[in-house]
Every structure is written in C-alpha cells, then in structure tokens.
1. Take the alpha-carbon centre of the stretch B:12-33, take the same for the stretch A:328-352, and report the distance between them in whole Å.
2. Using alpha carbon centroids, what distance separates the stretch A:174-238 and the stretch A:52-78, in Å?
3. Considering the stretch A:8-356, what Rg and Dmax in Å follow from its alpha-carbon atoms?
4. With axes computed from alpha carbons, what is the tilt in degrees of helix A:348-358 against the longest principal axis of chain A, rounded to the nearest 10 within 0 to 90?
5. Pairs to check: A:138/B:20; A:85/A:233; A:50/A:138; A:85/A:327. Give those whose C-alpha atoms are more than 27 Å from each other in this structure.
6. Quick check: the angle from helix A:167-190's long axis to the longest principal axis of chain A, C-alpha only, nearest 10 degrees?
7. Which whole-number percent gives the relative contact order of chain A, counting Cα pairs below 8 Å spaced six or more residues apart?
8. With label points built 7 Å along Cα→Cβ from the Cα atoms of residue A:279 and residue A:318, find their separation and express it in nm.
Amino acid sequence: MPIRTEPITVNIGPQHPSTHGVFRMRVTFDGEMIIDVEPIFGYLHRGSEKLAEERTYTQVITLTDRLDYVSSMSNNLSYVLAVEKLSGIVPPERAMYLRVIVAELQRIVSHLVATGFFLNDVGALATPLMYCFREREKILDMFEMLCGARITLSFMRVGGIFQDAPSEFWEALTDFLEYMPGYIDEYERLITGNEILLSRTKDIGVLSSEQAINSSISGPILRASGVKWDLRKADPYDVYDRMEFEIPVGTVGDNYDRYLIRIAEMRESLKILQQCVNQIPDGPIRADTANLIRPPVGDAYGHVEGPKGELGFYLVSDGGISPYRCKIRSSSLINLTALKDMLVDTKLADMIVTFGSVDINMGEVDR
Amino acid sequence: MYGLGIAKGLAVTFRNLFRKPFTVQYPEEAVPQAARFRGEEFGWFEERCTGCASCAKYCPLGIIKIVTHPGGSNMQEGQSYTVDTFDIDIGRCMFCGLCVEACPYDALFMGSGFERGQYVRDDLIIPIEELKSAERRLSTWYRPQLEGKNYHPHKDEPLSWEEVGRK
Ligand code: SF4
Ligand code: SF4
C-alpha cells in the first residue's frame, strides 16, 4: 500500500558540520528525494568590495587574500592583473614566471583541500583528508619561505611580486616536483576505483554540459561536464601561452568526474611547474612603479582561471589613489547557482556529497 | 573484481601505519620557521626612525599610532623629529607587512613570534616603551640586507641598529 507523504522543507545550516562554512540551504524533500533546493548565503559578508573603495591599490591586495582563503595567490594574481591592465604596467618576465609558479602551487593546494573534504563528505572521515593535508603542508612551507605567511599571503604587487624567491625555495620546489607525482599515485591507489566511493558518486549529481554553460559556471565543474574551457588557454595571462599542458575534461559530469578532473589537473599543474622551473630567466621582479598608483580614468577587467573557476576583478578608476568601484566575479558564488540542477531528484544522503564536490569557499561566496 | 579497490586502499593505509609520523607535538616541539616569517613582536629601532609616519599611512587598517615633536636628534640624519608615541595595535594587525615595506629607513621590521596570547584586548597594543626594550627577533621579510647575511631570527643573535641598515 503506497503511503501518501507531504513534501517537507528542511533547513540545513548555517551551522552544519559539512556545509564548508556558514552556508544555509532550504531543501524540500518528497520522502527521501530532493525536489527543491534554495541556497541562502550572506552570513560571511564582510563588504570587501566596499572596503576596496577606500583603500589604495596596494592595500586592496590584503583584502583579496581573504576572499577565497584556500587560494590567496590566485586572488592576488587576478587583482594585480586587473590593476596592471588599468594602468598599463607590464611586469618583468621573471615576475610573470614566479606568479605562474605560485598560482599553480596554489591550485594544487586548493585541489588537495577540495579532494580531502569531498571524501570527508562521502564518509571517508579524515583519513584521505590527512593524506592530502600532508602535501598541502609542504606547499604552505614553501609559501612561508617565499613570503612569510601561509594562508593570507599578500605576495603579489602591481607590476610584479614583492621580492625574489630565496634559494631554499628552489630546492624545496625541486624536491616537491620529484615526490609529488608519487603522492598523487598514492591518493589514487587509496581512493580511485574504491567500490564505496564509486557507488556513492557515480551518476550522482549529474550536471549536463548544457546546464553548466547556461548557469555560467566555470572551473573543474564545467570541465567535468565535458566543456573544454580553461582561461589559461582561452585567454592566456602572464606566461601561460608558453606552457604546454592538457585540459582534462570529463564525460558524464557527475561527482566522480569532478573528483577525477581535480586529480588530473594536479598532474597538469606539476607539468607547468616543471616547465616554469626550466624556463625562468634572471632579472628584476618588480616593474618600476610608485607605491601609490594612480591609474588613468577608465575601467578594466582582469581574470584568472582560479582553482575553483574564473575569478575576475572589475575595476573602475576615477584617477584617484583607490578604485572607484571594485566588482568581484567570484567563481564559488556562480558555481553555487548550479547546485539546484545537480541536487534535484537525488537522495538526501547524496546532498552533502554533491555539495562537497562543487568545492566552494564561503569567503569567496559572501565576500 | 568486487573489493579490489578497498583492498588496494587498505594496502596504502597499512604501509603508512609503520612510518614515522609527519606531525609534531606542539608545544614540546615546533616546526622550523622560515626566516621571512611575518609575525608579531615588531622590531623597531628608535635610532633609525625619523618619525616620517610612512608606515602608519601605508597600513591598510591604520593601527599604528605615531606622535612626534620637532627638534629631536636622529642618529642617521642629524636634526629631526622625536618620536613620542609609536603604538602598534597588534590585536587588529593582520601581519601583511605593508608597514615594513613602506619604511624607507629600515627602522621597522616584522617580528617572528606567534605566541603572544592575552586576556584583554588592550594588552595587545604594543607601546613605544616595549618596542624600545623588546628583544628583537627580526624577520628578514622585505629586508634583503638581512637575507644577504643569511640571518635567521631564531638561530642568530639579535642585531643592533647599525647592523640592520641597507648600507
Ligand atoms: S603588518 Fe599590516 S596590518 Fe599590521 S601594522 Fe603593518 S601594515 Fe598594519
Ligand atoms: S618606522 Fe619607518 S616609516 Fe615608520 S615612522 Fe619610523 S622611519 Fe617612518
């Protein structure tokens, strides 16, 4: 005898252990199936865009660190590219290579965190996460050698980077490039092909390429849905046009594909790092710019392929020492808009798994 | 074959069971710090400071408070301003280092500490007296002259004001 059930609306978050920050969802269930999802955000709003309007161009760099605090380097890079476009400053070659190096290291960090927490959400509590954090720690150590901080880095400056890398950084990077492929193999042995993971993630949270494009998402999620789109190839910045690497794409667009894409991207990042280490020239690391930059009146949009997708800064200058308007196109926020497409018609138990596979960062969503 | 993935995963776990842990037991043991570590306990040299307040203007949060009066003597430049107040409110500091980058006279340095815990927020304001007398563990962040000497704040002796300049 079928039991008649009423749809029930459940509030999840903002204080929920697996919502990756203060994120709230209002989910409507029919029995165990999800029929509607409404993401609610804004709990971590700090007004970064407004704060940027009353800080000088250099001081805003410290604000960008705090957007997506798992990938400060990419945020720094996106912002300084926008200011450079606005004011026509060209950084020296060595600085461009160093920027690519740190951006790729940061991508590995972010993907390690994403993979670790995704598996945490699947139910592999803490074990894979700790493996991932072991290598993340090595990269953070390298960042500490470079710029004295581990998370909020403030490494880049308009027209270059703040200071050249010390010699111990190069040693650490060479070592890292040697042992990291082995560690990625280890994660794959640990996780890829595991039956429990397969049954929890395969064909769950599917996002078709059409839906992905229509909701304007970017990054690994878009590529997992089979769209070959990467700003590093589509609109190369710094020295990406000299690098040879593949863009891994998925076929189905399910949770498992998103996981595989991140693993594959880490391997591609290692390739880029190796090429950078081989090619990097000597020379200055900062263009000759004043500390107080006054770009001409106008506007510019700078964007990078961040670990989570396209991260862009749109700056308007009125000729003063601080931006007239600073708009941040945050990848996490826009990727979240596809959450409903992924979640509807899946089960309650898959909700957190799918959410984990999107890899958002609340600092960036709420800004 | 069903179960193969799990067996492979468990083999990795098993192999890792017998190696040395990567973690250290803080506070008994601490991980080594890089020389550029941006930390608290700012190093400030009264002899080098001219009271120009570049650092205060450059700080994104405006947490450095400087009060000067003219007519002091500065050991680098002769007559100059005397610094009466130089307070850094590290309770709000984010250790971005922009103040250090802004200082043209190498008078201000990032510190390398990270363990200053206080019960009251006001105790986190470092007054000028404390800056004068503090044991300086200077970070080499944005100070290539220290890096050139291979200086490390936790391995080498504290430096005097004559030794930390660019010349
Ligand atoms: S480190 Fe940054 S926040 Fe702290 S006093 Fe210096 S400029 Fe201000
Ligand atoms: S510490 Fe440096 S920047 Fe600050 S007032 Fe003294 S000389 Fe000027």
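Bear in mind these aren't lab numbers, they're just calculated from the coordinates by the rules spelled out. It should be emphasised that the depicted structure is a prediction, and the values quoted were computed from it without experimental measurement. FYI the Cβ positions are ideal-geometry reconstructions off the backbone, even for glycines, and counts take in every protein chain you see.
1. First find each Cα centre; the distance between them is then 36 Å.
2. 26
3. 20.3, 65
4. 10
5. Beyond 27 Å: A:50/A:138.
6. On a 0 to 90 degree scale, this one is about 10.
7. 28
8. Each label point lies 7 Å from its Cα, and together they span 4.1 nm.
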